[in-house]
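The structure appears below as structure tokens.
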Amino acid sequence: MFKNTLDNKRYTTLNYFYKQKFGCKVFKVTLNAGFSCPNKQRGLGGCIYCSKLGSGDFAGKVEDDLVTQFNKIRTQIHQKWPDGKYIGYFQANTNTYAPLPILKEKFESILALPNVVGINIATRSDAISKETYDYLSVLNKRTFLTVEIGLQSMHQSTLDYINRGHTLKNFEACIKELKRRNIRVVVHIINGLPYETKEMMVETVKYLNDLDIDGIKIHMLHIIKDTELENRYKKEKFHVLTKEEYIDIVITQLEFLNQEIIIERITGDPVKEDLVSPTWLIKKFCVLNDIDKEMVKRNTYQGKKLEH
């Protein structure tokens, strides 16, 4: 039996991690602070898969101030989990891409709210200034801080194709700087990026396993309407992973991940109305359940292939 579980999962879940750390139910509240992205502002057009909401499709409405966004979600959660704690999740776009006084104003407004035990900051490896690193170090001593960094793939050919706008070397320098300051780091990757093989996707996870990261979010590439990715999909007809292929790849990736690395996400979460492909991704819980069933069938678990 896999030991790091509360619900018979065979990988270390975020729910398990939070329960061990805080001793209670902890909820992330997704927020849209109205930031932009340097990859768009530099005139590069941004990552080809990014939606108009900057990967913040389930964050709050930017028309509302952050406290209003937070309280709308907290009110719903509180009805079911009155003793729950909260983490403010700055999700949409690049949440360190602003002058430091603005960052402080945004982050501190959420940290001041009752029962907020920490914040998650989603950003890019090329969008954290020296002053911001220093501020993050201070925040890390005051609250439970997580910085989420998008990598997507370790392969430069893929990073170039998706117009990622940074190099692997840049990513490594960022991770090193964050960990030097003892800041918790979660890395995002995407499975099914055009022209990547299963072996390439597994290589990305093996690479991350050798870095000092704390968590990983595994996404399935989904093609959204009105993106450059949709344009290329129509022209190039590149292969989109089937559900069975995706499940096989994810399980193999899990087998190469240290059990101390928290699996914070294991599939994509598209908006149905905006989705072009793959349609099987809409049934998120079916995908999660099928991953669980297949891991039982294979008698495998996170980190199995690291054992000697």
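Since every read-out is calculated from the coordinates, none of them should be taken as a lab result. No experiment lies behind these values; they were computed from the predicted model shown. In this analysis, Cβ positions are derived from the backbone assuming ideal geometry, glycine residues included, and neighbour counts consider all displayed protein chains.
Take every Cα pair under 8 Å in the chain that's 6+ residues apart, average their separations, divide by the length, and report that relative contact order as a whole percent.
Values: 515 pairs, mean separation 54.3, N = 308.
Relative contact order comes out at 18 percent.
Working only with C-alpha atoms, what are the Rg and Dmax values of the chain, expressed in angstrom?
Every Cα atom of the chain included, Rg and Dmax give 18.8, 54 Å.
What 222 nm value per residue comes from the helices of the chain, counting each DSSP H run with n ≥ 4 as -39,500 (n - 2.57) and dividing by all residues, nearest 500 deg cm²/dmol?
So the calculated ellipticity at 222 nm is -12000 deg cm²/dmol.
Can you give the longest stretch of the chain with no exposed loop site, where a site means GluC sites (Glu not before Pro) in a DSSP loop (not H, G, I, E or B) with at most 13 other C-beta atoms within 10 Å?
Longest gap between qualifying sites, sites excluded: 64-259.
Most mobile of V147, V287, V138 per a Gaussian network model of the chain (Cα springs, under 10 Å)?
V138
Work out how far the C-alpha atoms of the stretch 134-189 reach from end to end along every principal axis, then list the three figures in whole Å, largest first.
Dimensions of the stretch 134-189 along the principal axes of its Cα atoms: 40, 16, 13 Å.
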